[in-house]
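Asker: Mind looking over this structure? Questions follow.
The values are calculated or read from the model by the stated rules, or taken from the named source; none is laboratory data. Quantities reported herein were computed from a predicted structural model and do not represent experimental measurements. Note that we place each Cβ from the backbone using ideal geometry, even for glycine, and neighbour counts take in every protein chain shown.
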There are 4 protein chains.
Amino acid sequence: MAKSRINIAVLGGSGYTGGELLRLLAQHPYVKVKIVTGDKAVGLPVSSHFPNLETFCSLVFQPMDLPKVTQSADLVFMALPHTKSIEPVAHCIKAKKRVIDLSADYRLCEQKTYEKWYGVSHSSPHLLRQSVYGMPELHRTKISRTKLVAVPGCYPTAAILQLAPLLSKRILKPDSIVIDAKSGISGAGRSPALPYHFPEAHDSMTAYKIGQHRHTPEIEQELNNVYGKTSVRAKGRAKPLTVMFTPHLTPMNRGILSTAYGKMTKPITTKALQDLYRRFYRNERFIRIREESTQVSPNQVRGSNFCDIAILADSRTGNIITVAAIDNLVKGAAGQAIQSMNLMMGYPEDTGLTSPGIFP
Amino acid sequence: MAKSRINIAVLGGSGYTGGELLRLLAQHPYVKVKIVTGDKAVGLPVSSHFPNLETFCSLVFQPMDLPKVTQSADLVFMALPHTKSIEPVAHCIKAKKRVIDLSADYRLCEQKTYEKWYGVSHSSPHLLRQSVYGMPELHRTKISRTKLVAVPGCYPTAAILQLAPLLSKRILKPDSIVIDAKSGISGAGRSPALPYHFPEAHDSMTAYKIGQHRHTPEIEQELNNVYGKTSVRAKGRAKPLTVMFTPHLTPMNRGILSTAYGKMTKPITTKALQDLYRRFYRNERFIRIREESTQVSPNQVRGSNFCDIAILADSRTGNIITVAAIDNLVKGAAGQAIQSMNLMMGYPEDTGLTSPGIFP
Amino acid sequence: MAKSRINIAVLGGSGYTGGELLRLLAQHPYVKVKIVTGDKAVGLPVSSHFPNLETFCSLVFQPMDLPKVTQSADLVFMALPHTKSIEPVAHCIKAKKRVIDLSADYRLCEQKTYEKWYGVSHSSPHLLRQSVYGMPELHRTKISRTKLVAVPGCYPTAAILQLAPLLSKRILKPDSIVIDAKSGISGAGRSPALPYHFPEAHDSMTAYKIGQHRHTPEIEQELNNVYGKTSVRAKGRAKPLTVMFTPHLTPMNRGILSTAYGKMTKPITTKALQDLYRRFYRNERFIRIREESTQVSPNQVRGSNFCDIAILADSRTGNIITVAAIDNLVKGAAGQAIQSMNLMMGYPEDTGLTSPGIFP
Amino acid sequence: MAKSRINIAVLGGSGYTGGELLRLLAQHPYVKVKIVTGDKAVGLPVSSHFPNLETFCSLVFQPMDLPKVTQSADLVFMALPHTKSIEPVAHCIKAKKRVIDLSADYRLCEQKTYEKWYGVSHSSPHLLRQSVYGMPELHRTKISRTKLVAVPGCYPTAAILQLAPLLSKRILKPDSIVIDAKSGISGAGRSPALPYHFPEAHDSMTAYKIGQHRHTPEIEQELNNVYGKTSVRAKGRAKPLTVMFTPHLTPMNRGILSTAYGKMTKPITTKALQDLYRRFYRNERFIRIREESTQVSPNQVRGSNFCDIAILADSRTGNIITVAAIDNLVKGAAGQAIQSMNLMMGYPEDTGLTSPGIFP
């Protein structure tokens, strides 16, 4: 299959998400990375900043020069910090480039919600309406037709995928949802800080930003969408579903384990729930429904684009419990971004994403 | 203070709980360990099985010979597996010895509940009525007067301590409680098995026995007791409170981080909750109420008898969230056992338990 | 390239090395795994024993039935325990199959050396002379012509690759070599045992089998070969080179970091040594010479077939120091085995082995 | 025993060594910490910076005001960075205070050696002659008589203790010593930086500063002293012993495992070496000689002041190998400092240091 390769730019490529994009793109048969920017690493060879990429990438980190970027690339991945993508995305879209933004800046449909949770004003609200939330399992067709994809956050990827089937069937009481998520520390990025200093984080754990994490509104937006099209915009009408979301910092490099709870609206068995999930995700290459919760763990998806899910009913207490695992840097970031790119470009959806997890 | 030391036996001393008892008792000024049994280590010097105890313990593991035990000791700690303590406890009680049992065999008041969750019949149900649940913060007086203490499980210690103040005030809806607990792997004991094999457990996590863990009924028993004296025995009357309990295996040696959720019955602030907790535990040496959830973590209590707790209200979703951390081998087992011994013997309650946590 | 796929058998496929073979072979374009045996997992689907392989492998573990194996497969990988490969290899070779043995049973040229270190007698000594030590960097041509490859041990892979250039130039005093190696715990296999029980191994380290590890004779055999053809058989002539080898158990899942020391025979600079190494390995796809020792670490090669090496001279003490990192399950086992298979079959040497390391 | 408590100051108390001093001093019966300084934490309660110390320390971090320090304290611990202790030590000594310095500034007898390895000039060289290297096992009498103790570095503590008996008997060839040491990451201090960022350090390892670590000259100074009084000052006479020293960053919170090698001068057995070590350290409370190298590991000494040592002969290669484990923050820093304080003050040497290691 002799497709010509498209030219790629990666902005903000010096963090872990950037490194993971470069790792995965190096193995993708239809693309060529032409330019990588990275503020903290300008002038450094990629292979010295990411020694694992030695022999795979001969680029040097550039400063961010947007005209140069749009000149070099057909498609731009942005792995910039939250609030720093707003302008560059607008610039690249104006230059008619395809953009896949891994920040939160174009994930929320509601400008007000974005501004409330991120504390800045959004200078390109018209693009909020154009952008598509880059979760192929829920928005495959829209992704294949858009120029602007906003890649979901890592926690929301697990949370939405593990809860969507339940909400699509209205089996959960919408005000009862508790999401208790545990993340590896690469999720906090590559900038050293005390909570991520090895002796502070190792052999321990903490719950942080309880009820206040910025990933909360995207989870609620998407689950509301699934939940009977109760639009989050529909003020005054149905009370939108909210979720109690608690992230935990866990002594793992990569991976999220997300445990979600909710009250069942009527009695249901584990078997019926498993059937529902198998049907809901029957054509999904990257979703695996597991019999046992103990088969769902970060070390079974490490380095891969899979989301593994277990689902069960606890009739004694009336709860439904679901456990999901992803690699936060792959399905939770770079892998899902490439999955969207494949859809946008008409490549087979799993191109460059066919590795099993690395276990142990 | 020239008290004479009492003689102690430790049965089942070759596991991690036994080792921790020996470590703590070695530093206790009023006791002397005279005999240690341990099936898997009979004939082995304690200091070769637990090299950390070299120079602290010159005993050799003995086979379990109950007459010899009751002859040698005034007080017996039992760190035997669940279901294996029933007979030895009865024997020692009959011999007029004080017993502190670290298994689950005498924790549940209801014989039927025990038999249902542990799958064996209980041959000494009369002792279930005599035994006291060894949590000094809730049962101090009874402990000081009993001959038989059943030391709480590790998960229940955190869960009960973090929820009791809320239930004492009936601030939580009793059917809304979710306890999502994360335990270090020493909680699974010292017998090797695949889930605890390093490469399986390291850099990963799993949820296990969801809704089915045997610690569930003790949590419910104690929380029901606190919750307006709705006795679990009171069949037909009030519906007893149940809890949704999910344990997780976490890549830590020691420690539990327990995150508990419930719906508030009426609006309340974080500040009011903190005040409630500070009052409820105002005279407790081993409970520390923390401002921030990030200050509550296993590495702040490691090796110590503390239970650290943070509490907060999330008015947006109507939830109350509490996070608790303990060392599962100390406050969750050996330390709490010694705290009960101190009460039984009339020693200052914190004798031998005054070490701060080892951080980092 | 429409090659037809060859049929593969994997014997002893239920351990970590077997799982890694299956992971890598699942992505190899020219092979098809037809049969997998695994004593401890007979009857179990591969994807339930290795959940990471769900959707990649639909086989079920078989009992070891050699006639069936030779009937199904063109090439057999053996991932059996040491001493358990002797017979099956002989059987398969007799049946004219290609064999790649990952045990130690055919690594040592000298029958006596094998019998001394492994404590069993070797029933097929004639095959010891046919087998080729499967390190392509030293024996590429022979591997491409043989039917029987003995894949090097994990420690020897790092040790030989990091020392061969020095010995080829006789820059090191042959009686001064110290190899201090640190291995992740997957190197000990998937059978649970106390030293690999998480709480024993985590957050700690030990040195074991000092001077007595069975990998010692293969390191000496190969380094002697490089060192001026001083054959280990040449008794009475030159004194063969010996190495002081100490392995350490390290709290990592995968990876070996090997630090080797020796006295220089004459003054030499770090720069000259780096040049020597770059020349020695100039055509090697899987060897990367690094400027800094801190760039050499297991997390830069994790999941990949690379061996990263740093080399330096310490003129103050007259030592040469070299640090090497590999993934013990890839370059130290399954990956190197596939590299040999590619040579045996005439495929490009890196087929199926082109992934960069997974970092972090 | 009603001794009055002496008043203590801790300078530079906000790092891990400072925290460990505060933890241990909180349990010491004869001292009272009156003032703690810590540049990065001025104004912060100690118990908010070190939550493990809540209920044990009610002090607030002060800025460093030396007159105030000497007014408040009888004895000053300095846990300042290397090169930052020179002046404060001189000030406190001038004010007739006892000083225990945990930096390297007063460890080396030779001013020139200090200035070469630390890159600054030493403004109080006269005090270098007064200071005593704070290793009680080698300098007990001198420590008990001095006003200024320089506490050994963490790596040197393990290396010197594990090699001293061999050198005292001249059993090792002095130019053959290789020390391959592995340290937990708390050894790098509490300031976040990329190599200590959790995802960089976890599940991996690196060798760093090979042959160039600043702990090298103290190891050589002390081993030369033991080795037949070949003074390092004695230029032109005997060639001083040098050591090849390589530190490694290891994914542990605390602990050093040090593996040291050297060529024997004459044949000797493991048994004879063990006897030598048992004799050499026969009266030492904190040295434990172990039968097996696998009993020597950081998790057996964690939180304690012990140094565990194994010693063996490898007649095949003519090497002697010794393995030592310490807790780098206790015997490698704060604990050894308090051991010296006890000697200086005439307290029993193990006062406040009688805890066994925390295992697991």
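Asker: Scan D:P217, D:P195 and give me the residue that is more than 16 Å from the chain's Cα centre (by Cα) and either at pLDDT 95 or above or under 25 Å from C:T250 (Cβ atoms) (or both). Step through it out loud before you land on a result.
Answerer: Numbers: D:P217 fails: more than 16 Å from the chain's Cα centre (by Cα).
Every option except D:P195 fails the conditions.
Asker: Would you point out which residue out of C:L312, C:L343, C:L329 is touching a residue at least 40 places away in the same chain (Cβ under 8 Å) and out of contact with any strand residue (DSSP E or B) (no Cβ under 9 Å at 6 or more places or on another chain)?
Answerer: Of C:L312, C:L343, C:L329, the one residue that is touching a residue at least 40 places away in the same chain (Cβ under 8 Å) and out of contact with any strand residue (DSSP E or B) (no Cβ under 9 Å at 6 or more places or on another chain) is C:L329.
Asker: Taking the conditions exactly as written (surrounded by 24 or more Cβ atoms within 10 Å (Cβ to Cβ), within 11 Å of chain B (Cβ to nearest Cβ) and modelled with pLDDT of 95 or more), does A:N328 satisfy them or not? If you could, list the steps in order and put the result at the bottom.
Answerer: Numbers: surrounded by 24 or more Cβ atoms within 10 Å (Cβ to Cβ): yes; within 11 Å of chain B (Cβ to nearest Cβ): no; modelled with pLDDT of 95 or more: yes.
So A:N328 does not fit the description; no.
Asker: Looking at (1) within 21 Å of A:T351 (Cβ to Cβ); (2) over 19 Å from the mean Cα position of the chain (by Cα); (3) away from every other protein chain (no Cβ under 14 Å); (4) among the hydrophobic types (A, V, I, L, M, F, W, C), which is the only condition A:I100 fails?
Answerer: For A:I100, the exception is condition (2).
Asker: May I ask you to verify whether B:P192 is within 8 Å of another protein chain (Cβ to nearest Cβ), in a helix (DSSP H, G or I) and farther than 30 Å from A:K173 by Cα?
Answerer: Details: within 8 Å of another protein chain (Cβ to nearest Cβ): yes; in a helix (DSSP H, G or I): no; farther than 30 Å from A:K173 by Cα: yes.
No, not satisfied.
Asker: Among the residues of the range D:94-118, which ones are closer than 14 Å to D:Y133 by Cα and of a type in the set (K, R)?
Answerer: If the condition is that a residue be closer than 14 Å to D:Y133 by Cα and of a type in the set (K, R), then D:R107 is the only one that fits.
Asker: Among the residues of the range A:143-163, are any free of Cβ contacts under 8 Å to residues at least 24 places away in the same chain, surrounded by fewer than 17 Cβ atoms within 10 Å (Cβ to Cβ) and assigned to a helix (DSSP H, G or I)?
Answerer: yes
Asker: Here's a follow-up. For the structure I just gave you, tell me whether D:D175 is buried (at least 24 other Cβ atoms within 10 Å of the Cβ), assigned to a loop (DSSP other than H, G, I, E, B) and either among the charged types (D, E, K, R) or at pLDDT below 95 (or both). Steps first, answer last, please.
Answerer: On the way: buried (at least 24 other Cβ atoms within 10 Å of the Cβ): no; assigned to a loop (DSSP other than H, G, I, E, B): yes; either among the charged types (D, E, K, R) or at pLDDT below 95 (or both): yes.
In short, no.
Asker: Let me ask you something else. Of all residues being assigned to a loop (DSSP other than H, G, I, E, B) and over 25 Å from the mean Cα position of the chain (by Cα) in the range D:63-95, which is nearest to D:E20 (Cα to Cα)? Just the residue, please.
Answerer: Of the residues in the range D:63-95, the ones assigned to a loop (DSSP other than H, G, I, E, B) are D:63-65, D:73-74, D:79-85, D:95.
Okay, now just the ones that are also over 25 Å from the mean Cα position of the chain (by Cα), so D:63, D:65, D:95.
Working: D:P63: 19, D:D65: 22, D:A95: 26 Å.
Checked the range D:63-95; the qualifying residue nearest to D:E20 (Cα to Cα) is D:P63.
Asker: Then there is this: Restricting to the range A:79-90, what's the tally of residues that are buried (at least 19 other Cβ atoms within 10 Å of the Cβ) and under 19 Å from A:Q336 (Cα atoms)?
Answerer: Residues that pass the stated criteria total 4.
Asker: Let me ask something additional. Can you work out which of the residues in the range A:242-263 that are among the small types (G, A, S) and more than 7 Å from chain B (Cβ to nearest Cβ) is farthest from B:V243 (Cα to Cα)?
Answerer: Taking the range A:242-263 as the starting set, the residues that turn out to be among the small types (G, A, S) are A:255, A:258, A:260, A:262.
From what's left, more than 7 Å from chain B (Cβ to nearest Cβ): A:258, A:260, A:262.
Numbers: A:S258: 19, A:A260: 15, A:G262: 13 Å.
Among residues in the range A:242-263 that are among the small types (G, A, S) and more than 7 Å from chain B (Cβ to nearest Cβ), the one farthest from B:V243 (Cα to Cα) is A:S258.
Okay, residues lined up against (1) in contact with a Leu (Cβ under 8 Å, 6 or more places away or on another chain); (2) surrounded by fewer than 17 Cβ atoms within 10 Å (Cβ to Cβ); (3) hydroxyl-bearing (S, T, Y); (4) under 24 Å from B:I287 (Cα atoms):
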{"site": "D:V36", "(1), (2), (3), (4)": "yes, no, no, no"}
{"site": "D:K40", "(1), (2), (3), (4)": "no, yes, no, no"}
{"site": "D:S47", "(1), (2), (3), (4)": "yes, no, yes, yes"}
{"site": "D:N52", "(1), (2), (3), (4)": "no, no, no, yes"}
{"site": "D:S58", "(1), (2), (3), (4)": "no, yes, yes, yes"}
{"site": "D:P63", "(1), (2), (3), (4)": "no, yes, no, no"}
{"site": "D:L75", "(1), (2), (3), (4)": "no, no, no, no"}
{"site": "D:C92", "(1), (2), (3), (4)": "yes, no, no, no"}
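Asker: OK, next. Against the condition within 14 Å of chain D (Cβ to nearest Cβ), at pLDDT 95 or above and more than 18 Å from the chain's Cα centre (by Cα), how does C:L273 come out, does it pass?
Answerer: Numbers: within 14 Å of chain D (Cβ to nearest Cβ): yes; at pLDDT 95 or above: yes; more than 18 Å from the chain's Cα centre (by Cα): yes.
Yes.
Asker: How many residues are touching a Lys or Arg at 6+ places or on another chain (Cβ under 6 Å) and within 14 Å of chain D (Cβ to nearest Cβ) if we restrict to the range C:346-360?
Answerer: Looking only at that region, the number is 2.
Asker: Also: Among (1) outside any loop (DSSP other than H, G, I, E, B); (2) on the phi > 0 side of the Ramachandran plot, which single condition is D:W117 missing?
Answerer: It is condition (2) that D:W117 fails.
Asker: Follow-up question, since we're still on this one. Restricting the range C:178-189 to residues that are hydrophobic (A, V, I, L, M, F, W, C) and not in a helix (DSSP H, G or I), which is nearest to the other protein chains (Cβ to nearest Cβ)? Break it down stepwise before answering.
Answerer: The first filter runs over the range C:178-189 and keeps only residues hydrophobic (A, V, I, L, M, F, W, C), leaving C:178-179, C:181, C:185, C:188.
Now drop any that are not not in a helix (DSSP H, G or I), which leaves C:178-179, C:181.
Details: C:V178: 5, C:I179: 10, C:A181: 10 Å.
Checking each candidate, the answer is C:V178.
Asker: Give me a count of the residues in the range B:132-142 that are touching a residue at least 40 places away in the same chain (Cβ under 8 Å) and not in a strand (DSSP E or B).
Answerer: Summing the residues that are touching a residue at least 40 places away in the same chain (Cβ under 8 Å) and not in a strand (DSSP E or B) in the range B:132-142 gives 6.
Okay, residues lined up against (1) surrounded by fewer than 24 Cβ atoms within 10 Å (Cβ to Cβ); (2) hydrophobic (A, V, I, L, M, F, W, C):
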{"site": "A:I287", "(1), (2)": "yes, yes"}
{"site": "A:S297", "(1), (2)": "no, no"}
{"site": "A:A334", "(1), (2)": "no, yes"}
{"site": "A:S340", "(1), (2)": "no, no"}
{"site": "A:P348", "(1), (2)": "yes, no"}
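Asker: A:G228 is checked against (1) surrounded by 20 or more Cβ atoms within 10 Å (Cβ to Cβ); (2) more than 9 Å from chain B (Cβ to nearest Cβ) and fails just one. What number does that condition carry?
Answerer: (1)
Asker: Which one of A:Y281, A:Y277 is among the hydroxyl-bearing types (S, T, Y) and in contact with a Pro (Cβ under 6 Å, 6 or more places away or on another chain)?
Answerer: Result of the check over A:Y281, A:Y277: A:Y277.
Asker: Would you call B:D203 buried (at least 24 other Cβ atoms within 10 Å of the Cβ), more than 14 Å from the chain's Cα centre (by Cα), on the phi > 0 side of the Ramachandran plot and not hydroxyl-bearing (S, T, Y)?
Answerer: Details: buried (at least 24 other Cβ atoms within 10 Å of the Cβ): yes; more than 14 Å from the chain's Cα centre (by Cα): yes; on the phi > 0 side of the Ramachandran plot: yes; not hydroxyl-bearing (S, T, Y): yes.
Yes; evaluated as a whole, the condition is true for this residue.
Asker: Something else about it: Sort out which residues of the range C:290-299 are within 16 Å of D:E200 (Cα to Cα) and more than 10 Å from chain D (Cβ to nearest Cβ), and write them in order of number.
Answerer: none
Asker: Quick test of your reading of the structure: D:Q71 fulfils all but one of (1) away from chain B (no Cβ under 13 Å); (2) in contact (Cβ under 8 Å) with a residue 12 or more places away in the chain. Name the failing condition by number.
Answerer: Just one mismatch for D:Q71, condition (2).
Asker: Give the residues of the range A:310-321 that are of a type in the set (S, T, Y) and touching a Pro at 6+ places or on another chain (Cβ under 9 Å), sorted by residue number.
Answerer: Of everything in the range A:310-321, just one residue is of a type in the set (S, T, Y) and touching a Pro at 6+ places or on another chain (Cβ under 9 Å), namely A:S315.
Quick grid of which residues meet (1) under 19 Å from D:A207 (Cβ atoms); (2) surrounded by 22 or more Cβ atoms within 10 Å (Cβ to Cβ); (3) under 23 Å from the mean Cα position of the chain (by Cα); (4) within 11 Å of chain D (Cβ to nearest Cβ):
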| site | (1), (2), (3), (4) |
| --- | --- |
| C:R278 | no, no, yes, no |
| C:V301 | yes, yes, yes, yes |
| C:I309 | yes, yes, yes, no |
| C:I320 | yes, yes, no, yes |
| C:A324 | yes, yes, yes, yes |
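Asker: Here are D:A181, D:A164, D:A150, D:A159: which of them is outside the structural domain of D:Y281 (by TED's automatic domain parsing) and more than 22 Å from A:R190 (Cβ to Cβ)?
Answerer: Values: D:A181 fails: outside the structural domain of D:Y281 (by TED's automatic domain parsing); D:A164 fails: outside the structural domain of D:Y281 (by TED's automatic domain parsing); D:A159 fails: outside the structural domain of D:Y281 (by TED's automatic domain parsing).
Among D:A181, D:A164, D:A150, D:A159, only D:A150 is outside the structural domain of D:Y281 (by TED's automatic domain parsing) and more than 22 Å from A:R190 (Cβ to Cβ).
Asker: Kindly indicate whether D:K266 is within 14 Å of D:A313 (Cβ to Cβ), more than 14 Å from chain C (Cβ to nearest Cβ), surrounded by fewer than 24 Cβ atoms within 10 Å (Cβ to Cβ) and free of Cβ contacts under 8 Å to residues at least 24 places away in the same chain.
Answerer: On the way: within 14 Å of D:A313 (Cβ to Cβ): yes; more than 14 Å from chain C (Cβ to nearest Cβ): yes; surrounded by fewer than 24 Cβ atoms within 10 Å (Cβ to Cβ): yes; free of Cβ contacts under 8 Å to residues at least 24 places away in the same chain: no.
The answer is no for D:K266.
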